[in-house]
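The values are calculated or read from the model by the stated rules, or taken from the named source; none is laboratory data. For clarity, every value in this text was computed on a predicted model and none was experimentally measured. Quick reminder, even Gly has a Cβ in these numbers, built from the backbone with ideal geometry, and neighbours come from all protein chains shown.
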Amino acid sequence: MNTAFPHGDRAVAGDARVTVWYDGACPLCRREIDLMRRLDRRGRLHFVDVARDDATCPIDRAALLARFHACEDGRMLEGAAAFAAMWRAIPLLRPLGLLARYRPVLALLDQLYTYFLRWRPALQRRLR
């Protein structure tokens, strides 16, 4: 049993599923997760809406709401690395997820994500 994977699924090392924590109160986040659900035809993604009172949170809820998090192969990831893990689980997006394994690419994606986070509140207001 991999203790680095502390949520309800009790995944073991090598488990093919990627758990994704997202802000279900964010309209932009919901749209993206809805798209990922449609693309996840193999059922490799497990989504946890952190905004729900009954959500199982492996780390501080505020941290999960502040940045995108995912768990892949027992490793907790955040930011662009978490997106890349989600993309690797979806055949159509897998090449992008694999490309993000290269440090310079991941660093660039993480910079873009950090920039996006500054604009996220304004984008959320527009979508409500």
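Observations on the structure shown:
- Inside the range 66-83, residues that are part of a helix (DSSP H, G or I) and either surrounded by 19 or more Cβ atoms within 10 Å (Cβ to Cβ) or touching a residue at least 60 places away in the same chain (Cβ under 8 Å) (or both) make up a count of 4.
- Options R94, R126, R103: the member that is basic (K, R) and either within 12 Å of T19 (Cα to Cα) or at pLDDT below 95 (or both): R126
- Selected residue [closer than 16 Å to P91 by Cα and in a helix (DSSP H, G or I)] from R30, R38, R42: R38
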